[in-house]
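Here is the structure we will look at.
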Amino acid sequence: MDVDVSSRRLVVVGCLCAGLGVAAGAFGAHMLKEILEPPMLAVYDTATRYQMYHAFGMVLSGFAVRISRDAGAAKAGWLFLAGMVLFSGSLYGVSLLGVRWLGAVTPVGGALFIVGWAVLAWRTYRGAGG
């Protein structure tokens, strides 16, 4: 895929994820404070925080692709997205729906976050064509 297209997609999707993270955080702060028990509100807060961190990671990955001209750096951004779906998504399900078994999925999403950061570090260290 063209590095410019890859970069643009990562930045756009990352920005959308960040916007959704802000909306989720506001929803939690204003609507869920009176509904959820404190431990479940903390789970929800963790989901929104990690969503925001990794949305920024997606944007950073998009810029890394653009700067380095290395489409391989895009893998990190897509790993962040998969991690958001599994990590934050499972925590949203646990806290909002009470589906406790989704907690078993959370570490898989966390592992994807870690691998994404490692890929981004490696691709940046290696540089384009290195």
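Answer yes or no as to whether L36 is part of a helix (DSSP H, G or I) and either on the phi > 0 side of the Ramachandran plot or not charged (D, E, K, R) (or both).
Values: part of a helix (DSSP H, G or I): no; either on the phi > 0 side of the Ramachandran plot or not charged (D, E, K, R) (or both): yes.
It is false that L36 is part of a helix (DSSP H, G or I) and either on the phi > 0 side of the Ramachandran plot or not charged (D, E, K, R) (or both).
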Problem set entry | Every residue from segment 84-125 that is surrounded by fewer than 18 Cβ atoms within 10 Å (Cβ to Cβ), in contact (Cβ under 8 Å) with a residue 12 or more places away in the chain and either in contact with a strand residue (DSSP E or B) (Cβ under 7 Å, 6 or more places away or on another chain) or basic (K, R) (or both) | none
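Could you check, for segment 96-112, whether at least one of its residues is in a helix (DSSP H, G or I) and closer than 24 Å to V3 by Cα?
Quick first cut of segment 96-112, residues in a helix (DSSP H, G or I) only: 96-97, 100-104, 106-112.
Right, trim to closer than 24 Å to V3 by Cα and you get 112.
Looking for residues that are in a helix (DSSP H, G or I) and closer than 24 Å to V3 by Cα, one finds at least one in segment 96-112, hence yes.
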Exercise. Restricting the first residue to segment 15-28 and requiring it to be on the phi < 0 side of the Ramachandran plot, which pairs with a second residue that is hydrophobic (A, V, I, L, M, F, W, C) and open to solvent by less than 30 Å² (accessible area, probe 1.4 Å) meet a Cβ separation below 7 Å and a spacing of at least six or different chains?
Worked result: C15/V59; C17/A55; C17/M58; C17/M84; A18/A55; G21/A55
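Considering only residues of segment 20-39 that are in contact with a helix residue (DSSP H, G or I) (Cβ under 8 Å, 6 or more places away or on another chain) and either open to solvent by 40 Å² or more (accessible area, probe 1.4 Å) or among the acidic types (D, E) (or both), which is farthest from F87 (Cα to Cα)?
Per the stated criteria, the residue is K33.
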For this session: From the list D70, D2, D45, pick out the single residue that is more than 23 Å from T106 (Cα to Cα), charged (D, E, K, R) and surrounded by 17 or more Cβ atoms within 10 Å (Cβ to Cβ).
Result: D70
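The values are calculated or read from the model by the stated rules, or taken from the named source; none is laboratory data. Keep in mind the model is a prediction, meaning the values are calculated, not measured. Here the Cβ is made from the backbone with ideal geometry for all residues, glycine too, and neighbour counts use every protein chain on show. Accessible surface areas use protein heavy atoms only, side chains included; no ligands, DNA or RNA. Shrake-Rupley method; radii C 1.70, N 1.55, O 1.52, S 1.80 Å.
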